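K.L.:
For reference, the structure I am asking about is given below.
The values are calculated or read from the model by the stated rules, or taken from the named source; none is laboratory data. For clarity, every value in this text was computed on a predicted model and none was experimentally measured. Cβ atoms come from the backbone with ideal geometry, glycine included; neighbour counts cover every protein chain shown. For accessibility, only protein heavy atoms count, side chains too; no ligands or nucleic acids. Shrake-Rupley method; radii C 1.70, N 1.55, O 1.52, S 1.80 Å.
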Amino acid sequence: MSEERSLNFLEEIIEEDLKSGRYTRIITRFPPEPNGYLHIGHASSICLNFGLTQKYPGYTNLRFDDTNPVTEETEYVESIKEDVKWLGFTWENERYASDYFDNLYAFALKLIDKNLAYVDDITADEMAAMKGTPTEPGKNSPYRDRSVEENRALFIRMKNGEFPDGSRTLRAKIDMAHINMLMRDPILYRIKHAHHHRTGDKWCIYPMYDFAHGQSDSIEEITHSICTMEFIPHRELYDWLIEKLEIYPSHQYEFARRNINYTVTSKRKLLQLVTEKHVTGWDDPRMPTVSGLRRRGYTPHSIREFCDRIGVAKRENMVDVGLLEFCVREHLNKIALRRMVVFDPLKLVITNYTQEEEMLLSENNPEDENGGVRDIPFSREIYIERDDFMENPPKKYFRLAPGQMVRLKSAYIIKCEEVIKDQEGQVTEVRCTYIPESRSGADTSGISVKGTLHWVSVKHAIRSEIRLYDRLFRVEDPTDEAGDFKEYLNPDSLQVLPEVYAEPALATATLEERFQFIRKGYFVLDRDTQSGKLVFNRTVGLKDAWAKEVKKG
RNA sequence: UGACCCAUGGUGUAAUGGUAACACUACUGAUUUUGGUUCAGUCAUUUAAGGUUCGAAUCCUUAUGGGUCAACCA
């Protein structure tokens, strides 16, 4: 293996740590809060954390940051586990911050005993008012100087449920004038008489993020705790708590979260799209969620490839969704089974075709020698795509037109002889003759044509519904526009074709198979399919050089 | 009116004091029984000004621009 690729900044840190002997193996973790579904940004973090311990000795834990019972649910835990597995990663340990509530409680008592934490009785509003601003120092709470004994007794009573929600908090005693707002006596514990999805009603006090995350890292002996840049100010508190608690020194490193254009990746916003029914659910194929991408037909491999290509760094970024599409096309091109489906049919009659029907062979995938072939029924009447015929074609139009010849994919070369129209002048049928010696694989005609069309035999065609998806938003960065981000939803993000005509082989399609509908795009069966009613989702279209040509005029 | 983070083609990421590169996009052309794929090629980059140095994208200073921080969220 030639390891020529340059390292990202985290790999550099790790290689340095390994070389210096600071660690002999590394431990990372992926720490989702179970209050929403994973999205493409999380996928990036998953690939990073798990990828690092695939590359270097060590392992990765999956740890749910479940310290806020009000917003967290088991449904989310299950979906997150499924998504991580689907992406192709295996965690060493499945952990929950709630596993550590006893430890965390003991840590809190230790801090109280060291006179580094106190119980505060002021209200949330008062606390906000006394916090100061980034440019002005805060003020000490009148309860800041309670004795160790009093703090201890009060905190135990908080735990025992003697006080109502919001009436008291446990705060670290640091410095209300600290330049870092997070060091101004941050709250460690708050009272919430709420049912927790795992610990039930055992607790009525719950630790805050800052008093749970770093401590959980430490308990698990995480060596490299990787998070996004907005946590940079938290690092000082992270280190302070580890130092005062005298526990295993995990370290936090930050990278810039990945943004992708024409979508949003904020759990709050995605939740809104779901609850306000702008999409059909978390796994709507238009959603940037892992489950949405899965339903859309993206492969785990293509998502991993994407995350790999966008890399990791510390600067603001806006990744072009075109790269994601490139990655999925690249993979699907290699694995998708080729099939023919006519979306907008135009009847074509081959006047000199006298057989009842015949079976023709077509390769399943020209990119895969071992992909095999399938039979396709051919007959006198077929459907072609309406826009594959033009009565008065422009220059460089390689498709069918009066007097012109094209090849029918895997079949014969035909020549257009006659155009039938209705009273309005709409073309309702085209009549052609075929060249018997031009059959695919046995072509002795010596004729070469520019265009090849896909087609489906009229009497053999099966019906299907097709769902075409486009980007969810009309603008690159909906969050950056004036007003509500939902004003920028793309009204044409979903187009349903209720009845298209497909070749018979598609009748036995499964959810796992990937298809390329020739000249149309990549498709996957949707779970809405019922017996007798096929539904396909378009994962992504093919690159379309002709469409570009037409656009240019 | 503070602290912290960041700044390389249209986009993303490299170059670790020594020829600014790779991928995507765009554009040419060739091949092609998918106007797909594949192949060949073209356009295009160091925020600015000073300084250090034989030599700076890289180190220093200042400026500019963008981002983050004042939830009993994570």
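K.L.:
So what is the accessible area of the range A:341-454 per residue, in Å², with the probe set to 1.4 Å?
P.N.:
Dividing the accessible area of the range A:341-454 by its residue count gives 52 Å².
K.L.:
What's the Kirkwood radius of the range A:341-454 in Å, using all Cα pairs? Numbers along the way, then the final one.
P.N.:
Working: mean 1/r = 0.0670 Å⁻¹.
Computed over the range A:341-454, the radius equals 14.9 Å.
K.L.:
Work out how much length A:Asp344 to A:Ala256 would gain on full extension: take 0.36 nm times their residue separation and subtract the Cα-Cα distance, in nm to one decimal. Spell out each step's value before the answer.
P.N.:
Values: separation 88, 0.36 × 88 = 31.68 nm, distance 4.51 nm.
Net length gain for the segment: 27.2 nm.
K.L.:
With a 1.4 Å probe and all protein chains left in place, how much accessible area per residue does the range A:106-262 have, in Å²?
P.N.:
I get 43 Å² per residue for this part.
K.L.:
Take every DSSP beta bridge whose two residues both sit in the range A:9-255, then give the antiparallel share in percent to the nearest 5.
P.N.:
Working: 12 of 25 bridges.
DSSP beta bridges in the range A:9-255 are roughly 50 percent antiparallel.
K.L.:
Something else about it: In Å, what Rg and Dmax follow from the Cα atoms of chain A?
P.N.:
In Å, with Rg to one decimal and Dmax whole: 31.0, 102.
K.L.:
Can you list residues whose amide H is under 5 Å from A:Phe536's amide H, if they're 5+ apart or on another chain and H is modeled 1.01 Å from N?
P.N.:
A:Glu465, A:Ile466, A:Arg467, A:Asp526
K.L.:
Can you give me the three principal axis dimensions of the range A:9-255 from its C-alpha atoms, in Å, biggest first?
P.N.:
Computed over the range A:9-255, the largest-to-smallest principal extents equal 52, 40, 31 Å.
K.L.:
For chain A, what is the mean residue ellipticity at 222 nm derived from helices alone (per DSSP H run of n ≥ 4: -39500 (n - 2.57); sum divided by total residues; nearest 500 deg cm²/dmol)?
P.N.:
Helices in chain A give a 222 nm mean residue ellipticity of -7500 deg cm²/dmol.
K.L.:
Hey, what's the per residue convex hull volume over the C-alpha atoms of the range A:450-507, in cubic angstrom?
P.N.:
Expressed per residue, the convex hull around the Cα atoms of the range A:450-507 is 132 Å³.
K.L.:
Counting residues in the range A:142-247 as N, plug N into 2.2 N^0.38 Å and put the Cα Rg over that result.
P.N.:
Working: Rg = 15.0 Å, N = 106, 2.2 N^0.38 = 12.9 Å.
Rounded to two decimals, the normalised Rg is 1.16.
K.L.:
Students often check this: by mean Cβ neighbours within 10 Å, which of A:318-331, A:364-377 ranks highest, and how do the rest follow?
P.N.:
Numbers: A:318-331: 17.3, A:364-377: 14.1.
Packing proxy ranking, top to bottom: A:318-331, A:364-377.
K.L.:
Still on this structure, I have one more. In debye to the nearest 20, how big a dipole does the range A:378-438 give about its Cα centre with +1 on each Lys and Arg Cβ and -1 on each Asp and Glu Cβ?
P.N.:
The calculated dipole for the range A:378-438 is roughly 340 debye.
K.L.:
Follow-up. For chain A, which cysteines have no disulfide-compatible partner, meaning no other cysteine Cβ under 4.7 Å?
P.N.:
Cys with no partner Cβ under 4.7 Å: A:Cys204, A:Cys227, A:Cys327, A:Cys416, A:Cys432.
K.L.:
Treating only the Cβ of Lys, Arg, Asp and Glu as charged (+1, +1, -1, -1), what charge dipole size does chain A show about its Cα centre? Round to the nearest 20 debye. Display every interim value, and only then the final one.
P.N.:
Numbers: 77 positive and 91 negative charges, 152 e Å.
Taking the Cα centre of chain A as origin, the dipole is about 720 debye.
K.L.:
Viscosity 0.890 mPa s, temperature 25 °C: Stokes-Einstein D of the range A:1-111 from its Kirkwood Cα radius, in µm² per second?
P.N.:
Diffusion coefficient, whole number: 156 µm²/s.
K.L.:
Run the numbers for A:Glu481 and A:Lys533: contour at 0.36 nm per residue of separation, minus the present Cα-Cα distance, in nm.
P.N.:
That works out to 14.6 nm of additional length.
K.L.:
Using the C-alpha atoms of the range A:225-384, what convex hull volume per residue, in cubic angstrom, is computed?
P.N.:
Details: hull volume 30.1 nm³, N = 160.
Taking the convex hull of the Cα positions in the range A:225-384, it is 188 Å³ per residue.
K.L.:
Which value, in Å³ per residue, describes the convex hull spanned by the Cα atoms of the range A:485-553?
P.N.:
Taking only Cα atoms, the range A:485-553 has a hull volume of 153 Å³ per residue.
K.L.:
If I model the range A:410-553 as equal point scatterers sitting on the Cα atoms and use the Debye formula, what is log10 I(q)/I(0) at q = 0.11 Å⁻¹?
P.N.:
-0.67
K.L.:
Mind putting a number on the dipole of the range A:9-255 about its Cα centre? Charges go on the C-beta only, +1 for Lys and Arg and -1 for Asp and Glu, and I need it in Debye to the nearest 20.
P.N.:
My answer is approximately 480 debye.
K.L.:
I would also like to ask the following. Could you check how much of the accessible area of the range A:341-454 is carbon and sulfur, as a whole percent, using a 1.4 Å probe?
P.N.:
Carbon and sulfur: 43 percent of the exposed surface of the range A:341-454.
K.L.:
Okay, next question. Which residues' amide hydrogens lie under 5 Å from the amide hydrogen of A:Thr228, considering only partners 5 or more residues apart or on another chain, with H built in the peptide plane?
P.N.:
For A:Thr228, the qualifying residues are A:Phe255.
K.L.:
Extending each Cα 7 Å along its Cβ direction at A:Thr280 and A:Lys334, get the distance between those two points in nm, one decimal.
P.N.:
3.1 nm
K.L.:
Could you check what % of the DSSP bridge pairs in chain A are antiparallel, to the nearest 5? Please list the in-between numbers first.
P.N.:
Details: 56 of 84 bridges.
Taking every DSSP beta bridge with both residues in chain A, the antiparallel ones total about 65 percent.
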